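*Asks:* First, the structure itself, so that you have it in front of you.
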Amino acid sequence: MRCSAAFAIVAGQQQRGEGTTWPALGWRGREFMVRTGARLIDAGWTEPQVSAAMTEAAGGLQQEAIASGDADRKLAQVMRPCLSLLDTAVPPLQKPNLPQCAAILRASYEEVHAAEGLSARAKDLLTLATVLEARTRREATEQGRTQAEADAVLAAEATTVAKVAALPGGMQRYDIATCFDLAKPEEKTHY
């Protein structure tokens with residue numbers, strides 16, 4: 001319960017752009033909490049009892065953090081052993097490769113475009129997907145492959161990403177930060 005509470009706190013921080021020293025906990029933290037709750041229900045707890053215990057654990061952890069005078073340090077003390085439990089209970093995020101990132105951002109663009117039209121967010125995602133697709137094609141060419149072979153790799157990875165997206169947790173199973181890193185402007189080498 002205590003680890004579920006700590007993961008929920010850090011995931012909340014991460015949604016606000018904080019807590020970046022910890023691994024991404026959005027999907028993994030929720031999955032840990034769901035699995036913990038399911039084990040307790042299997043052991044005879046009711047759903048209201050599980051919910052109340054989780055709420056109590058989160059409140060208790062927040063009170064301890066405030067009382068300690070150093071909330072970040074208190075949270076770090078709880079997080080360290082909890083991360084070991086997390087790694088055994090919920091697999092780490094998948095680190096996508098370049099063509100997978102192209103497929104992830106293309107699929108994200110399509111989802112946002114369907115919901116918002118050609119919004120600024122949709123345009124940004126389309127730009128990033130296009131950059132990664134171009135880099136995938138360039139990399140393939142540098143390796144002696146044809147454009148058709150590069151397109152086949154992109155299509156195969158799009159299929160793989162779509163299968164992962166259909167699983168519980170969907171795209172959150174990927175370390176999306178990797179994709180944004182791969183899409184950063186490349187440094188030009190001057191000779």
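The values are calculated or read from the model by the stated rules, or taken from the named source; none is laboratory data. Worth saying up front: this structure is predicted, and the values here are computed from it rather than measured. These accessible areas exclude ligands, DNA and RNA; they are computed on the full protein's heavy atoms, side chains included. Shrake-Rupley method; radii C 1.70, N 1.55, O 1.52, S 1.80 Å.
*Asks:* At 1.4 Å probe size, with no ligands or nucleic acids counted, give the accessible surface of GLU142 in Å², nearest ten.
*Replies:* 130
*Asks:* Now, a different point. Give the average over all directions of the projected area of the C-alpha convex hull of the stretch 1-70, one decimal, in nm².
*Replies:* That works out to 4.9 nm².
*Asks:* Which semi-axes, in whole Å and largest first, does the equivalent ellipsoid of the stretch 150-191 have when worked out from the alpha carbon gyration tensor as the square roots of 5 times its eigenvalues?
*Replies:* Values: eigenvalues 155, 49, 4 Å².
The answer is 28, 16, 4 Å, longest axis first.
*Asks:* At 10 °C and a viscosity of 1.306 mPa s, what translational diffusion coefficient does Stokes-Einstein give for the stretch 46-191, taking Rh as the Kirkwood radius over Cα pairs? Give it in µm²/s as a whole number. Intermediate results must be reported in sequence, preceding the final value.
*Replies:* Working: Rh = 18.6 Å.
This corresponds to a translational diffusion coefficient of 85 µm²/s.
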